[in-house]
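Everything on this sheet refers to the single structure shown next.
The values are calculated or read from the model by the stated rules, or taken from the named source; none is laboratory data. On a predicted model such as this, the values are computed, not experimentally measured, just so you know. Because the Cβ atoms are built from the backbone with ideal geometry, glycine has one as well, and the counts that use them run over all protein chains shown. Quick note on the areas: whole protein, heavy atoms, side chains included, nothing else; ligands and nucleic acids left out. Shrake-Rupley method; radii C 1.70, N 1.55, O 1.52, S 1.80 Å.
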Amino acid sequence: MEYQVEVLREQHEDFTNFLSEKIRAYNNEQSPHHRESRKKDAVLPLQLIVTDQQQWIGGITAEVYWGWVEIHKFWFSEEYRGKGMGTKLLAQAELVAKDMGATKALLTTYEFQARSFYEAHGYQVVGEIKDYPPGSSYYTMVKVLP
């Protein structure tokens, strides 16, 4: 079998899409859960938006699927941090996610972000990539929703 390798140092969108489609097809063949998640409305968006009457000051974006809520983004403006708003918002997101069918939560965070905050709220580190970025760590955390 003969082949050649082409090395690119720039984005090739068509090739990236080709690989994504091939991996998606393989996952669909191997996993009924992946196949189900491709159906319309199988992945449910969840967003909690916090405003101060005039502008966005923070919030959460997440998705619910496979019995999990995956928290993608969680942020507050600096002047609103340390006042308990994050705790309330996280609890509210978990409650809504449970109503949407989630029994577990998943998120990632960097060492310099919010690991201790999440641990204080019942999340456990299940994975760590050390020195990513250099001098820090990247964590995957999970929680069984009560």
Exercise. How would you order 84-93, 62-71 from highest to lowest mean count of nearby Cβ atoms within 10 Å?
Worked result: 62-71, 84-93
Exercise. Residue by residue, what Karplus-based ³J(HN,Hα) values in Hz, rounded to whole numbers, does segment 94-108 have, using 6.51, -1.76 and 1.60 with θ = phi - 60° and x for Gly and Pro?
Worked result: 5, 5, 5, 4, 4, 4, 8, x, 7, 10, 9, 10, 9, 7, 10
Seminar exercise, completed: Checked against the positive end of the charge dipole of the chain (+1 on Cβ of Lys and Arg, -1 on Cβ of Asp and Glu, about the Cα centre), the farthest of 71, 18, 146 is 146
Seminar exercise, completed: Percent relative contact order for segment 20-146, counting Cα pairs under 8 Å at least six residues apart, stands at 18 percent
Exercise. Modelled label-to-label distance, residue 125 and residue 37, 7 Å Cα→beta-carbon offset: nm?
Worked result: 2.5 nm
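Per residue, how much accessible surface does the chain expose to a 1.4 Å probe? Answer in Å², no decimals. Intermediate values should be presented prior to the final figure.
On the way: 10970 Å² over 146 residues.
Normalised by residue count, the accessible surface of the chain is 75 Å².
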Exercise. Quick one: if you stick a label point 7 Å off each Cα along the C-beta vector at residue 49 and residue 30, how many nm between them?
Worked result: 3.8 nm
For this session: Take the alpha carbon atoms of segment 93-120, find their center, do the same for segment 1-78, and report the distance between the two centers in whole angstrom.
Result: 17 Å
For this session: Using only the alpha-carbon atoms of the chain, report the extent along each of the three principal axes, biggest first, to the nearest angstrom.
Result: 63, 38, 35
For this session: Run a plain Debye calculation on segment 48-112 (Cα atoms as equal point scatterers, no solvent) and give log10 I(q)/I(0) at q = 0.20, 0.28 Å⁻¹, rounded to two decimals, same order as the q list.
Result: -0.81, -1.23
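At 222 nm, what helix-only mean residue ellipticity would the chain give, in deg cm²/dmol to the nearest 500, using -39500 (n - 2.57) for each DSSP H run of four or more?
Details: 4 runs with 45 residues, N = 146.
It lands at -9500 deg cm²/dmol.
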Problem set entry | Amide proton proximity set for residue 132, modelled H, under 5 Å, gap of 5+ | 137, 138
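Evaluate the charge dipole of the chain about its Cα centre and quote only its size in Debye, nearest 20, assuming +1 on the Cβ of each Lys and Arg and -1 on the Cβ of each Asp and Glu. Before the final figure, lay out the partial values.
Numbers: 16 positive and 20 negative charges, 120 e Å.
Computed about the Cα centre, the dipole is about 580 debye.
Roll a 1.4 angstrom probe over the protein heavy atoms and tell me the percent of accessible area of the chain that is carbon or sulfur.
Numbers: 5670 of 10970 Å².
Carbon and sulfur together cover 52 percent of it.
Rank-order 104-115, 8-19, 32-43 by packing density, defined as the average count of other C-beta atoms within 10 Å over each peptide's residues, highest first.
On the way: 104-115: 17.2, 8-19: 8.2, 32-43: 11.3.
Those peptides, ordered most packed to least, come out 104-115, 32-43, 8-19.
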Problem set entry | Segment residue 65-residue 111, length gained on full extension (0.36 nm per residue, minus Cα span) | 13.9 nm
